[in-house]
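Taken together, the values in this text are just the output of simple stated rules run on the coordinates, not laboratory data. Small disclaimer: the values here were computed from a predicted structure and weren't measured. Counting neighbours? That spans all protein chains shown, and the Cβs are built from the backbone with ideal geometry, glycine included.
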Amino acid sequence: MTPSDHWTRPEAVVRAVFASAAVVFAGLGLLIREPRLLIAAGIFGILWTLWDVFWDRWIAPGSAWMLRTLTEGTGGDLPNIRPTLDDTIRLLENHLAGTASPRVRVQAAIRLEEIYRTVKKDPVRARALLVRARALFPDSPELAALDRGDPPS
């Protein structure tokens, strides 16, 4: 940054206005012996100091953080919080083996069977899961509606 660029920055312009006002009012107040002008000079001096403190402590760091956040993001890739297929299978297996309500356990069995059959391409495991679920819940209409060519149990 060149010295001429410094005077086009907002913090430098505001600082120059407050400093100039403090000096001009102090000079005029001393020259014509007017206490109100000296008070105005003191107020502008306080504003000059407060501006420097606010700029250095809050405005500059906050605007730099905001600019960095908007242009570069938060500093890295966002964490992947979506469950993997293995996480889903583990969750559904826990539902099926756990103490969830029968409706939840039946739905878990149906979803697991679909995953094993379509995604994992393991029809033997899918069939075994369906047989196991039908043994656990023999009067389930959802399981009875599934006809995947299973051998009768």
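Things worth noting here:
- When the alpha carbon coordinates of the chain are projected onto the principal axes, the ranges are 111, 35, 20 Å, largest first.
- Degrees between helix 60-72 axis and first principal axis of the chain (Cα, 0 to 90, nearest 10): 40 degrees
- Cα-based helix-to-principal-axis angle, 123-136 vs the chain, degrees rounded to 10: 80 degrees
- Likely footprinting exposure, ASP52, ASP139, fewest C-beta neighbours within 10 Å first: ASP139, ASP52
- Cut-off 15 Å between beta-carbons: net charge of the residues surrounding ARG57, Lys and Arg +1, Asp and Glu -1: -2
- With R₀ set to 30 Å, the beta-carbon distance separating THR69 from ILE46 gives a calculated FRET efficiency near 0.40.
- Listed residue (GLY98, LEU136, THR88) projecting farthest to the positive dipole end of the stretch 85-145, Cβ model: LEU136
- Scaling the Cα radius of gyration of the stretch 3-72 by the globular reference 2.2 N^0.38 Å produces a ratio of 1.44.
- The phi-based Karplus calculation (6.51 cos²θ - 1.76 cosθ + 1.60; θ = phi - 60°) puts the 3J(HN,Hα) values of the stretch 29-41 at x, 6, 5, 9, 6, 10, x, 5, 5, 5, 5, 4, 4 Hz, whole numbers, x for Gly and Pro.
- Alpha-carbon centroid distance for the pair the stretch 13-60 / the stretch 75-146, whole angstrom: 73 Å
- Per-residue Cβ neighbour rank within 10 angstrom, fewest leading, ARG105, ARG125: ARG125, ARG105
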